[in-house]
1. Return the only residue of B:Phe18, B:Phe26 being free of Cβ contacts under 8 Å to residues at least 12 places away in the same chain, touching a Pro at 6+ places or on another chain (Cβ under 9 Å) and over 25 Å from B:Ala160 (Cβ atoms).
2. Which condition number in (1) in a helix (DSSP H, G or I); (2) more than 19 Å from B:Pro330 (Cα to Cα) is the one that B:Ser152 fails?
3. Which of the helices (runs of 4 or more DSSP H) contained wholly in the range B:64-136 include at least 1 residues that are of a type in the set (Ser, Thr, Tyr) and more than 30 Å from B:Asn239 (Cα to Cα)?
4. Checking the structure you have, find out if any residue of the range B:289-304 is modelled with pLDDT under 95 and surrounded by fewer than 16 Cβ atoms within 10 Å (Cβ to Cβ).
5. Residue check: is B:Ala147 crowded, with 21+ Cβ neighbours inside 10 Å, more than 14 Å from the chain's Cα centre (by Cα), more than 11 Å from chain A (Cβ to nearest Cβ) and touching a residue at least 12 places away in the same chain (Cβ under 8 Å)?
6. So how many residues does the range B:273-302 have that are over 21 Å from the mean Cα position of the chain (by Cα) and either within 24 Å of B:Tyr122 (Cα to Cα) or of a type in the set (Ser, Thr, Tyr) (or both)?
7. Check B:Lys158, B:Lys196 and return the single one that is more than 11 Å from chain A (Cβ to nearest Cβ) and either among the hydrophobic types (A, V, I, L, M, F, W, C) or within 30 Å of B:Ala67 (Cβ to Cβ) (or both).
8. Quick check: anything in the range B:351-360 modelled with pLDDT of 90 or more, surrounded by fewer than 24 Cβ atoms within 10 Å (Cβ to Cβ) and assigned to a helix (DSSP H, G or I)?
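The values are calculated or read from the model by the stated rules, or taken from the named source; none is laboratory data. What you see is a predicted model; the values in this text were computed from it and never measured. All Cβ positions, glycine included, derive from the backbone under ideal geometry; neighbour counts span all protein chains shown.
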Amino acid sequence: MSPIESSVFVSCISLVVIFTTLSTLIFVIKALVKWMPYVPPPAKPASSSDNAETSEHIAVIHSALAHYLKKAPNEIQITNIRSL
Amino acid sequence: MESYLAQSFSKIVGMTGFVAMTPGHFLMIAVACLLLYLAIWKKFEPLLLLPIGFGCLLANLPLSNMASDVEGGLLNIFYYGVKHEVLPPLIFLGVGALTDFGPLLANPSTLLLGAAAQIGVYSTLIGAVLLGFNLQEASAIGIIGGADGPTSIFLASKLAPHLLGPIAVAAYSYMSLVPLIQPPIMRWLTTPEERKIRMEQLKPISQNVKIIFPIASTILCTLMLPGVAPLLGMLMLGNLFRESGVTGRLHETSETHLINIVTILLALSVGGSMTAESFLKLETVKIIVLGLLAFCVATAGGVLFGKIMCKFTGGKVNPLIGSAGVSAVPMAARVSQKVGAEEDHNNFLLMHAMGPNVAGVIGSAVAAGVFLSLFGSPDPVSHAALQAVSLANPLIP
């Protein structure tokens with residue numbers, strides 16, 4: 001077998017091995033995801049007064065942060081805030 | 001008195017490196033300065049090209065013996081880490097600790113894109129054989145198409161150690177040029193409609209799946225291809241540190257200090273291997289050209305397979321994420337996002353592209369494992385080391 005033929009043969013064999021290995025991994029992942037589905041964490045019940053207080057906190061932090069960064073409040077966005 | 005002074009002066013002059021300078025040294029110092037320039041001023045993979053460039057500089061300053069294998073040069077001692085398969089797997093440990101496999105687990109079919117991009121490796125293998133390299137050398141050159149520096153170094157040190165310097169430089173140089181090489185190919189192979197495809201939001205994955213995946217994939221892949229164990233095993237161990245949640249200190253060390261220290265040692269030893277005798281050859285030019293071919297074909301392979309997946313899924317897959325099937329984490333994924341956003345500013349492909357990007361890391365490690373299984377020979381060094389240990393320890397038969 002010439003070197004060129006060998007290289008083509010090696011390439012074909014290797015591609016088959018790679019696709020087989022990674023396809024097997026796909027089945028493993030699908031099986032794992034099926035057996036252990038994602039369960040969202042229980043949501044924390046929040047009262048209306050809590051919500052109002054949180055909104056107020058966000059507004060205060062928003063304006064303070066905008067002032068600190070020397071930007072207009074509409075130029076920044078706070079996406080998440082959690083109380084400890 | 002005068003003759004004594006003249007003799008002393010000529011002796012001192014004879015001891016300096018200037019006298020031993022050859023045109024090869026001059027050229028290699030110029031190459032080192034070019035690498036330093038690209039790293040510092042052009043910001044091309046500076047974390048790697050800077051120490052590689054400086055290692056190259058030190059190795060080519062005559063009489064410094066930094067890269068000497070006879071006099072125990074410092075860079076040659078660092079190189080033992082490459083020769084004995086230590087440093088590239090440790091880089092993979094850090095990469096595993098840094099990488100979130102979530103996007104891959106949420107859309108596992110993207111693993112096929114990582115496999116498809118390996119076509120760049122094999123087309124380059126054939127091209128290298130056509131240019132006169134033997135199969136071992138061609139395999140080491142072809143893996144440049146995997147766009148994975150540590151894998152390239154790992155395989156080159158095993159199959160073609162004399163080509164390590166040019167292969168490492170080509171791999172890292174082209175990795176830094178991914179944002180320039182990939183977009184024209186991606187635009188050429190896709191239509192504006194395809195580039196506008198918005199993909200469904202990825203489903204969240206349970207933590208248990210994230211923990212079990214590195215263990216299961218290590219068992220499976222190592223049993224199928226034992227040669228992948230050093231690279232894939234370390235990648236998955238690093239990821240297990242990250243996901244298990246019980247090894248915070250090890251995770252933090254792997255993703256910061258360890259990977260940084262190993263990067264310095266690896267890059268310096270690669271730079272140290274770039275001596276005039278090993279680098280200034282026609283083969284180097286061929287490797288640089290083949291490396292570019294490898295990257296282009298790998299990108300095209302990923303995009304074309306993305307188009308096939310797009311057809312089969314009824315237009316649910318944006319073919320642009322296929323280009324991220326070459327490793328180069330996370331730069332290739334960012335390129336997919338950028339090219340997609342050129343057509344539609346609100347199209348967010350980054351997380352979808354991270355799936356094939358991570359798959360590319362696994363795919364190139366598997367490709368290296370296949371080459372090692374086909375062409376690797378038992379390492380005499382390991383046997384010698386084992387013998388030394390067994391002689392020292394009477395409990396080992």
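1. Just a single option satisfies the conditions, and that option is B:Phe18.
2. (2)
3. Details: elements: B:74-83, B:87-98, B:102-106, B:111-116, B:119-130.
Counting at least 1 such residues, we get B:119-130.
4. Checking the range B:289-304: at least one residue is modelled with pLDDT under 95 and surrounded by fewer than 16 Cβ atoms within 10 Å (Cβ to Cβ).
5. Values: crowded, with 21+ Cβ neighbours inside 10 Å: yes; more than 14 Å from the chain's Cα centre (by Cα): no; more than 11 Å from chain A (Cβ to nearest Cβ): yes; touching a residue at least 12 places away in the same chain (Cβ under 8 Å): yes.
No, not satisfied.
6. Here is the first cut: in the range B:273-302, the residues over 21 Å from the mean Cα position of the chain (by Cα) are B:276-277, B:280-282.
Narrowing further to those that are either within 24 Å of B:Tyr122 (Cα to Cα) or of a type in the set (Ser, Thr, Tyr) (or both): B:281-282.
Number satisfying all stated conditions: 2.
7. Details: B:Lys196 fails: either among the hydrophobic types (A, V, I, L, M, F, W, C) or within 30 Å of B:Ala67 (Cβ to Cβ) (or both).
Exactly one residue qualifies, and that residue is B:Lys158.
8. So the first thing to find is which residues in the range B:351-360 are modelled with pLDDT of 90 or more, and the list is B:351-360.
Remaining after also requiring surrounded by fewer than 24 Cβ atoms within 10 Å (Cβ to Cβ): B:351.
Checking the rest, the ones that are also assigned to a helix (DSSP H, G or I) come to B:351.
Yes: the range B:351-360 contains one or more residues that are modelled with pLDDT of 90 or more, surrounded by fewer than 24 Cβ atoms within 10 Å (Cβ to Cβ) and assigned to a helix (DSSP H, G or I).
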